[in-house]
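To keep things clear, I will list the structure first and then write my remarks on it.
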Amino acid sequence: MKYFYLLGCLLALGCAGAPPEVTSGYVDVAGASLYYEEAGQGPPLVMIHGGMLDRRMWDGQFEAFARSHRAIRYDVRAHGLSRADSVPFADHDDLLRLMDSLSVSQAVIMGLSMGGQIAIDFALTNPERVRALVLVGPGMSGWEFDSDEIARYLEEITAAVETEDFATIIEVFTRWLCDGPHREPEQVDSVVRRRVLDMLGGSGQRWEFMDLASRLDPPTVERLDEIRVPTLAVVGSIDMQDVRDIVDHIVEQIPGAQRVVIPDVAHMVNMERPEVFKDVVAEFLAELERR
């Protein structure tokens, strides 16, 4: 009997250490089909990637968070494996349809860059569906991007778009948003840089639909004080000034919002410092559960 008891304990420990099973599929929304993956059990956590990237940017955290949460990541419309038609849309409406299809009544919403903008817009349009926000170098509709850095970036990316040279477009994007305005490419982890370039290469369709995306009216930047959920804002210390200013604005306007600055990293915070980022978010989530 003692032998079987010890064997059962060992098997239980082995199962506890096994990666959570990942399931995947597609959810049909108006004019698109969204690819998603989910793993784990517990409070739902939805992870939204940055613009022109895809769900794989969360590879450094997805399995870890799935050990304590029902972790869900998806490819936003016209990114990664998700498909789209040329019709008007709103990314925050797509997120609502995804959550409805997966029977998620409320979730922590975590997003980086464009994903952060989607998370904020979703919190404003569907406040009852949001338990908390984790905003990582977020974008924001209505924000006046006016730094010298963003002006130089927009000049380069516009010139690349006008030539319709997609290889140049993704190189400019990577140089400004992965490397950041204060580093040379050789100063960035080459593996991270290759992964960013790989994801960018698979999301070119999004460029075709930019003008079809709707924005909130009044714009998000004027409405942050409506948000009443626990909010964590994370930003890299050497990200573009406009992004750091957006995080400052979030902390000033959302009651009780927390800010964490991760040193020596630009826009791709979770990819360049996966363990540091994971620990910061895990602490926030643990505190949320204690509440």
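The values are calculated or read from the model by the stated rules, or taken from the named source; none is laboratory data. Predicted model only: the values in this text are computed from it and were never measured. Reconstructed Cβ throughout: ideal geometry from the backbone, glycine too, with neighbour counts over all protein chains shown. We work out accessible area using only protein heavy atoms, side chains counted, and drop any ligands, DNA or RNA first. Shrake-Rupley method; radii C 1.70, N 1.55, O 1.52, S 1.80 Å.
Please get the size of the charge dipole for the stretch 43-115, origin at its Cα centre, with Cβ charges of +1 on Lys and Arg and -1 on Asp and Glu, quoted in debye to the nearest 20. Don't skip to the end; give the middle numbers.
Working: 8 positive and 9 negative charges, 43 e Å.
So the dipole magnitude of the stretch 43-115 works out to roughly 200 debye.
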Of the peptides 253-261, 134-142, how do they stack up when ordered by the mean number of other Cβ atoms within 10 Å, highest first? 134-142, 253-261
Determine the equivalent ellipsoid of the stretch 132-291 by diagonalising the alpha-carbon gyration tensor, then write out the semi-axes as square roots of 5 times the eigenvalues, largest first, rounded to whole Å. 28, 21, 14
Dipole magnitude of the stretch 160-291 about its Cα centre, charges +1 at Lys/Arg Cβ and -1 at Asp/Glu Cβ only, in debye to the nearest 20? 460 debye
Is the stretch 59-193 rounded, prolate or oblate when judged by the Cα gyration tensor, a ≥ b ≥ c being the square roots of its eigenvalues, rounded requiring a/c under 1.5 and prolate requiring a/b larger than b/c? prolate
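Send over a whole-number figure in Å² for the accessible area per residue of the stretch 146-199, probe 1.4 Å. Write out the running numbers ahead of the final one.
On the way: 3070 Å² over 54 residues.
On a per-residue basis, the stretch 146-199 sits at 57 Å².
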Could you work out how far helix 114-125 tilts from the main Cα principal axis of the chain, as a 0 to 90 degree angle to the nearest 10? 80 degrees
Dipole magnitude (debye, nearest 20) for the stretch 176-243, charges at Cβ of Lys, Arg, Asp, Glu: 240 debye
Given the Cα atoms of the stretch 177-217, and with Rh set as the inverse mean 1/r over their pairs in the Kirkwood sense, what is Rg to Rh to two decimals? 1.15
For LYS278, what is the net charge nearby, where nearby means another residue's Cβ is under 13 Å from its Cβ and Lys, Arg count +1, Asp, Glu -1? -4
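Could you check how many percent of all C-alpha pairs in the stretch 196-291 are farther apart than 22 Å?
Numbers: 2162 of 4560 pairs.
Across the stretch 196-291, Cα pairs with separations above 22 Å total 47 percent.
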Vicinal HN-Hα couplings computed from phi for the stretch 214-230 (Karplus, 6.51 cos²θ - 1.76 cosθ + 1.60; Hz; Gly/Pro x): 8, 10, 5, 9, x, x, 3, 4, 8, 10, 4, 5, 6, 6, 10, 10, x
Along each principal axis of its Cα atoms, how long is the stretch 150-226 end to end? Whole angstroms, biggest number first, please. 42, 29, 23
So how tilted is helix 91-101 from the main axis of the chain? Cα-based, degrees 0 to 90, rounded to 10. 20 degrees
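Could you work out the Rg to Rh ratio of the stretch 72-116, with Rh taken as the Kirkwood radius (inverse of the mean 1/r over all Cα pairs)? Write out the running numbers ahead of the final one.
Working: Rg = 11.0 Å, Rh = 11.6 Å.
Ratio value, two decimals: 0.95.
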